[in-house]
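Where a number appears in this text, it was derived from the coordinates with a stated rule and is not lab data. Predicted model only: the values in this text are computed from it and were never measured. Here the Cβ positions follow ideal geometry from the backbone for every residue, glycine too, while neighbour counts run over all protein chains shown.
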Amino acid sequence: MVSSGRLTRLPDWRARFAAEMDRQRCLPFAWGRQDCVIGLACGAVEAITGADLAVGWRSKYKSPKSALKALRAKGYDGVADLVAGHLPEIEPALARIGDLALITDDGPLGHAIGIVDASGLIVITETGHGRAPRDRMTRAFQVG
């Protein structure tokens, strides 16, 4: 993720966000391209704000092991540390549509990133887009 400073939501962010989620549903999961950080989260942030936070990360890893290695090489302990380094943290109860949600996960990295929407969280796994209840969110990060 590229340091973004303070992000601002674009006037048409809702339509852009919906179109991005529709686009992503057609893409297969791929580490470093279409995973919870590069595809789901950074795609949503770019749709909502116009800021491409995946610069320098896209296609830099191809597995959970190489993702963790890439994170540590840039000074991050994990996904949570990466997101916290670039977006303001907010109380999960205050998260609104389009904000990022940290989820404790049984997966190889221990955490995953989801996107807050009106009825819960949008998540991605190796089988594609899915849903998770909002109460799975342990931390939240403001997008614009």
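One line per residue, one yes/no per condition, for (1) under 18 Å from Val143 (Cα atoms); (2) among the hydrophobic types (A, V, I, L, M, F, W, C):
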position	(1), (2)
Arg23	no, no
Gly32	no, no
Asp35	no, no
Ile38	yes, yes
Ala41	yes, yes
Glu46	yes, no
Gly50	yes, no
Ser59	no, no
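Taking Arg139 as the residue in question, decide whether it is basic (Lys, Arg), surrounded by fewer than 17 Cβ atoms within 10 Å (Cβ to Cβ), under 30 Å from Pro11 (Cβ atoms) and in contact (Cβ under 8 Å) with a residue 24 or more places away in the chain. Steps first, please.
Numbers: basic (Lys, Arg): yes; surrounded by fewer than 17 Cβ atoms within 10 Å (Cβ to Cβ): no; under 30 Å from Pro11 (Cβ atoms): yes; in contact (Cβ under 8 Å) with a residue 24 or more places away in the chain: yes.
No: the conditions fail for Arg139.
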